[in-house]
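Here the structure is laid out as structure tokens; the discussion comes afterwards.
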2 protein chains.
Amino acid sequence: MDLLKKKILTEGRVIGTEILKVDSFLNHQVDPSLMKSIGEEFASVFANEGITKVLTIEASGIAPALFTGLQLGVPVIFAKKTASRNLDPDTYHAAVHSFTRGGEYIIRVSRRYLDAGDKVLLIDDFLARGRALLGLLEIAEQAGAKVVGAGVVIEKGFQDGGDLIRSMGVRVESLAIIESMSEEGSKITFADKKNGHMN
Amino acid sequence: MDLLKKKILTEGRVIGTEILKVDSFLNHQVDPSLMKSIGEEFASVFANEGITKVLTIEASGIAPALFTGLQLGVPVIFAKKTASRNLDPDTYHAAVHSFTRGGEYIIRVSRRYLDAGDKVLLIDDFLARGRALLGLLEIAEQAGAKVVGAGVVIEKGFQDGGDLIRSMGVRVESLAIIESMSEEGSKITFADKKNGHMN
């Protein structure tokens, strides 16, 4: 998706060998207009799949997921990372290892909003080691729901998450796949598509 | 906002005397179409204020804030509740007491995205004791930014947060103000507007 790649090249900042900061438009400050385009792109790519729910994880997945759900005309569920009095006690849940934060966290989805009749599209902002998507897949499996695929805004193609998830037979479509990046001059190169028809 | 009130009456569930669960459309499962209407309403109410940024807190504020920002044509910033390698170390921050979760948490906004030239609209999903809005006001003050007002999706009018924030001279516009609610039969009544011209 050219609009997104241009934004990454213009505003992305590479730190060390693994961190790409895109917090000017994706995961801290958010560009609503770009998110709308991203949502429309995901909806177009996964059209005619009979999707009934979009599933993501708080917080950075919400923006792209929301516009995807709007365009598809279906509800968006964001899995919660923290327990709260406001969440139903009766949940699907999965442990997710975070390399960014260190340690594990539990994601939860109320059983009320996902069941065996659902066809689910997973959305997330980043795909690196694939652990967040693994967690969402586990939750969909607990619900007995069918996963039609995963839409990812930025995939770090030089890490193993994309291969891992695709090897499980999940259709993964990433709007931008980073082949390599280096801190010096924040140099970023993009890869061609992986299995998908985009990029 | 009639569409919202109808949704609250139809799907809201009252638990005890203080918890209103609206996780079927607002803060777990999200209705993107309703969020779009809510964003358009906030943008209309706060039109002609020269707003440059919409500021909210992850995760439940993101959906209404995003559509408000889209409609106003400005970026949306969501304050982070957790420290992360991905957030700039140089942040504005404020402590927020949570009655729902118990205890305090710190919200953070990168100094990169808010400064004295900004006119900020605060958005949040709920206003109860007002502590989240207090935290956002503190962050805006640290940045030297002007706060033009706060847009709230659901205000618990029977708690003191709305009075507290309004007494500070902040324009608070709530799309639905709950006057009273009781668990038996999930009975909910709405109040008229408070200072604002909506409701």
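General remarks:
- Some residue of the stretch A:153-164 being within 14 Å of the chain's Cα centre (by Cα), basic (Lys, Arg) and within 24 Å of residue A:2 (Cα to Cα): yes
- Looking across the stretch B:37-79, the residues that are over 13 Å from residue A:62 (Cα atoms) and in a loop (DSSP other than H, G, I, E, B) come down to B:46, B:47, B:48, B:49, B:50, B:51, B:52, B:73, B:74, B:75.
- Candidates B:68, B:52 - the one that is within 10 Å of chain A (Cβ to nearest Cβ), among the hydroxyl-bearing types (Ser, Thr, Tyr) and touching a strand residue (DSSP E or B) at 6+ places or on another chain (Cβ under 9 Å): B:68
- Verdict on residue B:47 being over 27 Å from residue B:23 (Cα atoms), of a type in the set (Gly, Ala, Ser), surrounded by fewer than 24 Cβ atoms within 10 Å (Cβ to Cβ) and touching a helix residue (DSSP H, G or I) at 6+ places or on another chain (Cβ under 7 Å): no
- Test: residue B:41 is acidic (Asp, Glu), over 17 Å from residue A:29 (Cα atoms) and within 15 Å of the chain's Cα centre (by Cα): yes
- Where strands (runs of 3 or more DSSP E) fall wholly inside the stretch A:92-199, the ranges with 2 or more residues that are more than 15 Å from residue A:80 (Cα to Cα) are A:119-127, A:146-156, A:172-182, A:187-190.
- Residue list for the stretch B:94-118, restricted to those being more than 25 Å from residue A:21 (Cβ to Cβ) and either of a type in the set (Ser, Thr, Tyr) or modelled with pLDDT under 95 (or both): B:97, B:98, B:99, B:100, B:101, B:102, B:103, B:104
- Filter result (out of contact with any strand residue (DSSP E or B) (no Cβ under 6 Å at 6 or more places or on another chain) and either within 12 Å of chain B (Cβ to nearest Cβ) or over 21 Å from residue A:173 (Cα atoms) (or both)) within the stretch A:112-140: A:112, A:114, A:115, A:116, A:117
- Residue list for the stretch B:28-44, restricted to those being out of contact with any helix residue (DSSP H, G or I) (no Cβ under 6 Å at 6 or more places or on another chain) and facing another protein chain (nearest Cβ under 8 Å): B:28, B:31, B:33
- Scanning the stretch B:134-150 turns up no residue that is more than 19 Å from residue B:109 (Cβ to Cβ) and not aliphatic (A, V, I, L, M).
- Filtered residues of the stretch A:107-128 (kept if under 27 Å from residue A:177 (Cα atoms) and surrounded by fewer than 20 Cβ atoms within 10 Å (Cβ to Cβ)): A:119
- The residue list A:146, A:187, A:193 contains one member that is among the basic types (Lys, Arg), loosely packed, with under 15 Cβ neighbours inside 10 Å and without any contact (Cβ under 8 Å) to a residue 60 or more places away in the chain, which is A:193.
- Any hit, the stretch A:1-11, residues being within 9 Å of another protein chain (Cβ to nearest Cβ), over 15 Å from the mean Cα position of the chain (by Cα) and over 30 Å from residue A:144 (Cα atoms): no
- For the stretch A:24-36, the set of residues classified as assigned to a loop (DSSP other than H, G, I, E, B) and either surrounded by fewer than 22 Cβ atoms within 10 Å (Cβ to Cβ) or touching a Pro at 6+ places or on another chain (Cβ under 9 Å) (or both) consists of A:24, A:25, A:26, A:31, listed by residue number.
- Residue in the stretch B:74-84 that is more than 8 Å from chain A (Cβ to nearest Cβ), in contact (Cβ under 8 Å) with a residue 60 or more places away in the chain and hydrophobic (A, V, I, L, M, F, W, C) present: yes
- The lone exception for residue B:87 - which of (1) more than 8 Å from chain A (Cβ to nearest Cβ); (2) outside any strand (DSSP E or B); (3) surrounded by fewer than 23 Cβ atoms within 10 Å (Cβ to Cβ) it fails: (1)
- Residue count for the stretch A:105-121 satisfying the condition of being more than 17 Å from residue A:95 (Cα to Cα) and of a type outside the set (Phe, Trp, Tyr): 9.
The values are calculated or read from the model by the stated rules, or taken from the named source; none is laboratory data. Values in this document were obtained by computation on a predicted structure and should not be read as measured data. Cβ coordinates were reconstructed from backbone atoms using ideal geometry, including for glycine residues, and neighbour counts include every protein chain displayed.
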